[in-house]
Structures are given as C-alpha cells and as structure tokens.
Amino acid sequence: MLLLLTLLLTQAGPASAATAKVASGAAAAAPDSAHGSEHASTGGAEEDPATGGDPTLVPGSSDEPGELPDGTDGAPSEPAGRAEEEPHSLDASLESAAGRMGERHLELLVRAQSGEVTLIGGAETLASDRAPERRAVIFGAEVSHGDLSWEVELRTAPQSAGLARTVAKLGVHGDLAGLSILGRDESLHGTRLRAAGLALDLEGRPDSAWKVALAASAWVTDLSTPSQGGVSHRSRDPWSAFGAATLDWAQRWELNISAKRTWGFLSITSGLGVAQPAQDGAWAAQASLGLEKQLGPVRLGLSAALAHLWPTGLWLADATLGISWHVGSD
C-alpha cells in the first residue's frame, strides 16, 4: 500500500504544476474587468479563440509573439528629426570710397560666426588732400540670444600720423529695432574731441520685396583747443578745421530714412537725410542711391551720395564700391 500511494503522489505533482501555470498565464493575458470580476479560476482558464490560448499573442495582431496591432515590435522608434545644427559662417567685405574733396577711405572687415557668437576684425585707412593717410584697427563681437543680439565694436588708431583716435559702440538689436550707445575720443596736436551719443534704428518690411529703415542719432560733443598750438586755435571755425584735419565731422544730431526694393538677386536702396553739424547755425541735407547684385556667395555694391551744407553753400559728393563674400551655413 505504501508503494502504491507513493506512485500516485509522484504522478499527481507535475499535473498540478502544469494546471497552475496555464491558469496564471490566462489571467495575465485577459484584460481586467472594470468591476473586478475574475477571468481565471484555480482549476483552469477559458481559451480565447482569437489567440488560441497563447498569452503572448494579442487579438488582431500577426502570428508573431510580441508584435503589437500597429505592426511594430514595441521597440523604441527613431526620432522624427534631428536637432538643428548651430550656424557656422565666414564673411569678408572690402569697401572703398572716394569724395569730391579728395577724401579716400578703405575698409576691410571679417566676420566669423559659430553658434550664437560672432567675432569681428578688420582695418581701415583714411586720407585726403589735406590730411595724411591714417590707419586704424577694428575689433568687435556679437552675441545672440533668442530674438536679441548684443554688439560691441572698437575702432582705434593709436598715434597714426599724429592722431590718436578711439571710437566705441555698444548696442542691442532685435528684429525691428536697435539701440546703441556711442562714444569717441580723438586728439591731434593738442586739440581734443570728446563725444557721447545714442543711436536708434528702426526697420519694417511691408512685404517680402520692400524694406524701410529709419536711423536717428544724437551727440553731446566737446572740442577743447589749447591757447597756443593745435590744429584750430587760430581758426574762426575750429570744428571745420578739426574735421578737415582728421576727416571726422562732428554732428549734434542726424536723421536718415531709406527704402530698399529687391528683385530676385538685384536690389536698389534710396535714402534721404538731414543733420545739424557741431557749428552753430549749420545744417546739412543728403540724398543717396545704392545698387546691389548677388552672384552666388558674392555680393557687389555701388552707391553714391550728394550733400549740401548751409550757410556755406558747399556741395559734397562721394561714391562707394564694395564687395562681400559669404560661406557657411546660416
């Protein structure tokens, strides 16, 4: 009897374990009821005709285990797009200008952008029939954050043909407006010009082909002349004498408006301006016209300006030719 009982218990053990495994699998495969009803009992589970009792299959899916109804295997999908790469670009521009009174100006600028930071470097030369050639170096940087761009620029000519000049600019610009703080300090043979000012720039685009801009600036200036020596101590008009010797014509305020029209790779810019020089009772008016042509990465520019001064009745004119080159991503 003892031997018979042992044989019966040995055969009943695997059967009970198999029954428990099927019951637990069916309970895991069946969805939970909102009212907490049971779908599997301790004695077995009801077979789902859609899955054939296989708990690894989902109704409506393919015959492969683990595949979801949408045909995917549940693995993480690749992102729809990659993050935009930071812009990297290099710009170089060369500009040459000549005036009716023999003024000559040459400027070279290089701009290198990496992400939100742009570094600026360059050099310029100025000369005229009455002023020797003088050279200056240009340093600057721009940092963009969101819709705003911060800019700092410094032009300095330490003792170039007797002239010590420092011109500084600190500004912030948005899509439609910009505000800058300006400063300059110049000294030539004992005569010193110091000035501080503010500049406001506004622009708008009525449509994709037109761009309208307004630029206004105001200065507080001071010209100190030594009692003896200097470039203007004997002149009845020290401001004009200093301007002719340094090619820096100080102004109290200036207002300019311009309109730019673009046709494909060609654009034309026209402008009008009015200003009050530093001399008492003096006025100036100016008109300009510019043409630009885009040729792939190269842009060519040509412009001319005509100005009239009161009360002297003097007419001034100048022409500017420029070329710029751009490479990189924007």
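Observations
- Given charges at beta-carbon only (K, R positive; D, E negative), |dipole| of segment 88-328 in Debye: 520
- Note, ³J(HN,Hα) from phi for segment 185-191, Karplus 6.51, -1.76, 1.60, rounded to Hz, x at Gly and Pro: 9, 9, 9, 9, 6, x, 8
- The ranking of I138, I323 from fewest to most other beta carbons within 10 Å of each one's beta carbon is I323, I138.
- A full extension of the chain between A218 and L291 corresponds to an added length of 23.5 nm, given 0.36 nm per residue minus the alpha carbon distance.
- Normalised contact order of segment 78-225, rounded percent, pairs of Cα under 8 Å and 6 or more residues apart: 12
- Residues in segment 116-157 reached by a label modelled at I181 [backbone nitrogen below 13 Å; 7 Å Cα→Cβ]: 151-153
- Relative contact order (%) - criterion: Cα under 8 Å, at least six apart; region: segment 170-320: 14
- In this rough spin-label picture, where each label sits 7 Å from Cα along the Cβ direction, the L200-W150 distance is 2.3 nm.
- Neighbourhood charge, 10 Å Cβ-Cβ cut-off, centred on E116 and excluding it, Lys, Arg +1 and Asp, Glu -1: -2
- Modelled spin-label separation between V143 and A259, with each label point placed 7 Å from Cα along the Cα-to-Cβ direction: 4.0 nm.
Each reported figure results from applying straightforward, stated rules to the coordinates on display, with no laboratory input. Only a predicted model underlies this, so the values are computations on that prediction, with no experimental measurement involved. All Cβ positions, even for glycine, are placed from backbone atoms using ideal geometry, and neighbour counts span all protein chains on display.
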